[in-house]
Amino acid sequence: VIGHSLGEVAAFCVAGVLTLDAAARLIVGRGAAMASLETGVGAMAAVKADASTVKEALLKMDAALRPTVAADNSPIGCTISGPRAAVDAALFALQEAKVGSGAPRKLRVVTDFHSACVEPCLAALREAAPPASAPSAVAVFSTATGIRLEAAPDAAYCAAQALATLEA
């Protein structure tokens, strides 16, 4: 079973790694942690190009105005994330360099998930981690690390996953 970003919680629940109650508590805790972030500062955008091509193009940008690839969604699509000014600059640079098939599209989000901008809420994410669980007979794979997760996510995983680039 696999879930993308917050969808990993659903995957944990379906696989029996988390009870419905533990999954709901994790979702509420994660939501509260994310809600504590300043809104309107960050942005995200969908880019119709593979992540490695986008990463190459982003490396040509000034480091101060460089978002990150937040999700490698498919061979023809990824999501970038970072401060609003960085995402705006990247959208311009990607279009100028003709990266991708079509114009990148800004996403309607309150902040830039899967980027360094979530660092202020990492302590709250660690606190939201569910209690330890027994290993699952159903395989659950992390989109943050690509490895099989044997049990419920611990505090370190909950924080790291919020920062990580997700892989499809």
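The values are calculated or read from the model by the stated rules, or taken from the named source; none is laboratory data. Remember, predicted model here, so these are calculated numbers, not experimental data. Don't worry about glycine lacking a Cβ; one is built from the backbone with ideal geometry, like all the others, and counts go over all protein chains shown. Note: accessible area is taken over every heavy atom of the protein model, side chains too, but ligands, DNA and RNA are not part of it. Shrake-Rupley method; radii C 1.70, N 1.55, O 1.52, S 1.80 Å.
Once segment 129-166 is narrowed to residues that are open to solvent by 80 Å² or more (accessible area, probe 1.4 Å) and not in a loop (DSSP other than H, G, I, E, B), the residue that is farthest from G31 (Cα to Cα) is R148. Residue check: V1 meets all listed conditions (1) in contact with a Lys or Arg (Cβ under 8 Å, 6 or more places away or on another chain); (2) of a type in the set (V, I, T); (3) modelled with pLDDT under 90 but one, namely (1). Right, A103: hydrophobic (A, V, I, L, M, F, W, C) and either part of a helix (DSSP H, G or I) or within 18 Å of L163 (Cα to Cα) (or both) or not? For A103, the condition - hydrophobic (A, V, I, L, M, F, W, C) and either part of a helix (DSSP H, G or I) or within 18 Å of L163 (Cα to Cα) (or both) - is not met. Screening S142, S115, S133 for residues that are over 24 Å from K55 (Cα atoms) and of a type in the set (S, T, Y) leaves exactly one candidate, S133.
Taken together, D21, D62, D72, D88 contain a single residue that is open to solvent by less than 60 Å² (accessible area, probe 1.4 Å) and among the charged types (D, E, K, R), which is D72. When L94 is tested against (1) under 19 Å from the mean Cα position of the chain (by Cα); (2) modelled with pLDDT of 90 or more; (3) crowded, with 18+ Cβ neighbours inside 10 Å, only condition (1) is not met. Answer yes if at least one residue in segment 37-50 is β-branched (V, I, T) and in contact with a Cys (Cβ under 8 Å, 6 or more places away or on another chain), and no otherwise. Yes, because at least one residue in segment 37-50 is β-branched (V, I, T) and in contact with a Cys (Cβ under 8 Å, 6 or more places away or on another chain).
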